[in-house]
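A quick write-up on the structure given underneath.
The values are calculated or read from the model by the stated rules, or taken from the named source; none is laboratory data. Here the structure is a predicted model, which means the values were calculated and not measured. Virtual Cβ from ideal backbone geometry, glycine too; neighbours counted across all protein chains shown. Surface areas here come from the heavy atoms of the whole protein model, side chains and all, with no ligands, DNA or RNA. Shrake-Rupley method; radii C 1.70, N 1.55, O 1.52, S 1.80 Å.
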Amino acid sequence: MKKKDILLYSITALFLVFALVSYFIEFDPGKQLLGNFWEYVKFVLSVMPAVFLIIGLFNVWVKRETVIKHMGHKSGIKGYMLAILLAFASIGGLFAALPISKQLHDKGSKLSVVLVYLGASCICRIPMALWEASMLGIEFTVIRFAVSLPLIVLSSIFIEKVFGKNLDIPIVVHETVKGK
Amino acid sequence: MTALYITCAVLYIASLIASPKKTWMAIKSGTKMLMKILPQFLVIILVMTFVLYVFPPENIVTLLSKSGNWVNVLVASIIGSIVVIPGFIAFPLAGILKEIGVGYAVLASFTTTLMLVGVLTFPLEKQYFGTKFAIIRNVASYIIAIIISIIIGLILGGLI
């Protein structure tokens with residue numbers, strides 16, 4: 001384990017000790033923090049095992065050439081549409097979208113497509129949109145989608161054109177990609 | 001969430017039939033990636049916990065029910081960029097805001113920045129994509145969110 005990871009785990013452990021002690025001595029702020037923490041953990045971590053297991057499958061089964069063909073530099077408008085369709089079906093917000101888009105990037109998807117997926121999966125997920133529509137009205141959600149998607153695509157293309165060459169994105173080569 | 005796990009199970013069954021060896025590799029690779037990012041996840045959740053404690057959702061309602069819509073669009077965008085609230089709190093909260101008469105532009109500004117701009121999740125984004133990417137994406141996202149709010153305000157009303 002890396003030093004940084006040990007530190008991060010220790011911080012979490014320290015908090016849990018504090019929270020549990022507060023729970024037993026009825027220290028209200030600590031109890032409330034524990035409650036909040038638990039809600040978030042449930043929210044974020046409950047979907048993560050499935051998300052990462054699916055990323056694992058993607059990593060092993062989907063060839064780099066396939067991703068390059070459909071989402072790479074020559075993919076054109078189809079690449080963006082594919083990214084948006086993927087995003088529609090996504091779940092879990094940024095926490096899930098980041099590792100998925102990183103995986104797409106590592107497999108040869110071009111930057112603007114990655115950005116479109118990332119942006120669209122944050123604000124244009126269908127399961128989430130249904131919820132939003134029930135609270136804020138279907139009109140609101142439809143207009144928000146119609147306005148957001150072109151903006152996301154345009155800004156992603158813009159970012160790729162202007163900054164694409166020097167973003168220094170860390171490249172991870174997964175050993176499983178090469179097969180054994 | 002159930003749908004997600006069912007999808008995951010179906011995919012794994014298919015994979016298992018096709019190649020048990022590759023399936024095992026998929027499990028290993030997925031687990032490895034999750035374990036690599038888990039400590040970062042936990043600490044960000046911890047920070048989110050404290051932010052939610054210091055600044056509970058009720059305060060957001062109080063804050064956004066004051067002052068005019070233009071100011072509120074900005075205030076909402078700043079709150080939305082910083083806090084991370086799960087959907088099951090965020091949307092009912094937006095519903096309450098709508099009930100008390102907060103304009104559509106403000107609602108759009110709040111929900112869009114909430115989902116798209118992540119100050120607290122910045123370290124996570126940095127770990128995956130590097131600092132430059134994270135800064136540029138978040139700044140661009142913030143600008144997009146403001147444009148979306150203005151257009152929604154113009155169409156649905158509630159800007160002036």
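Put B:Ile89, A:Ile126 in order of accessible area, highest first, and with a 1.4 Å probe you get A:Ile126, B:Ile89. In loop segments of the range A:94-159 as defined by DSSP, there are no trypsin sites (Lys or Arg not before Pro) with at most 16 further C-beta atoms inside 10 Å of their C-beta. Here the 3J(HN,Hα) profile of the range A:78-87, calculated from phi with Karplus coefficients 6.51, -1.76 and 1.60 at θ = phi - 60°, is 4, x, 5, 5, 4, 4, 5, 4, 4, 5 Hz, Gly and Pro shown as x. When peptides B:129-141, B:2-14 are sorted by average Cβ neighbour count within 10 Å, with the highest value leading, the order is B:129-141, B:2-14. Using Cβ point charges alone (K and R +1, D and E -1), the dipole size of the range B:1-154 about the Cα centre works out to roughly 720 debye. Solvent-accessible area of chain A (1.4 angstrom probe, protein heavy atoms only): carbon and sulfur portion equals 72 percent. When 1/r is averaged over all different Cα pairs and the result inverted, which Kirkwood radius in Å belongs to the protein assembly as shown? Taking every pair of different Cα atoms in the protein assembly as shown, averaging 1/r and inverting gives 21.0 Å.
Inter-chain neighbour count for A:148-155: the average number of beta-carbon atoms from partner chains within 10 Å of each residue's beta-carbon is 4. Carbon-plus-sulfur accessible fraction, the range B:1-146 (probe radius 1.4 Å, protein heavy atoms only): 77%.
For the range A:32-124, the spread of Cα positions along the three principal axes, ordered from largest to smallest, is 52, 27, 18 Å.
Note: relative contact order over the range A:27-174, using C-alpha pairs below 8 Å and six or more positions apart, is 21 percent. Under the classification rounded if a/c is under 1.5, otherwise prolate if a/b is larger than b/c and oblate if not, where does the range A:1-160 fall, given a ≥ b ≥ c as square roots of the Cα gyration tensor eigenvalues? Verdict is oblate for the range A:1-160. Extension gain, A:Val17 to A:Val62: 0.36 nm times the residue separation minus the Cα-Cα distance gives 11.9 nm.
The charge dipole of the protein assembly as shown, taken about the Cα centre with unit charges on the Cβ atoms of Lys, Arg (+1) and Asp, Glu (-1), comes to about 1600 debye, rounded to the nearest 20.
Ordering A:Pro150, A:His105, A:Leu136 by Cα displacement along the dipole of the range A:94-180 toward the positive end leaves A:His105 in first place; charges were set at the Cβ atoms of Lys, Arg (+1) and Asp, Glu (-1). Averaged over its residues, the range B:18-65 has an accessible area of 47 Å² per residue, based on protein heavy atoms and a 1.4 Å probe. For the range A:1-52, the solvent-accessible area with a 1.4 angstrom probe is 62 square angstrom per residue.
Counting, for every residue in A:35-46, the Cβ atoms of other protein chains within 10 Å of its Cβ and taking the mean gives 6. Loop-resident GluC sites (Glu not before Pro) (DSSP state other than H, G, I, E or B) in the range A:1-87 with no more than 13 further Cβ atoms inside 10 Å of their Cβ: A:Glu26. A simple count of charges around B:Leu107, restricted to other residues whose Cβ falls under 13 Å of its Cβ and scoring Lys, Arg +1 and Asp, Glu -1, yields -1. Per the accessible-area calculation with a 1.4 Å probe, the total area buried between chain A and chain B rounds to 7000 Å². Counts of other chain beta carbons within 10 angstrom of each beta carbon in peptide A:114-124 average 4.
Note the angle between two axes, namely the Cα long axis of helix A:28-45 and the longest principal axis of the Cα atoms of chain A, as a number of degrees from 0 to 90, rounded to the nearest 10. With rounding to tens, the tilt is 30 degrees. Residue pairs exceeding 32 angstrom between C-alpha atoms, taken from A:Lys3/A:Lys161; B:Lys21/B:Lys132; A:Lys4/A:Lys102: A:Lys3/A:Lys161; B:Lys21/B:Lys132.
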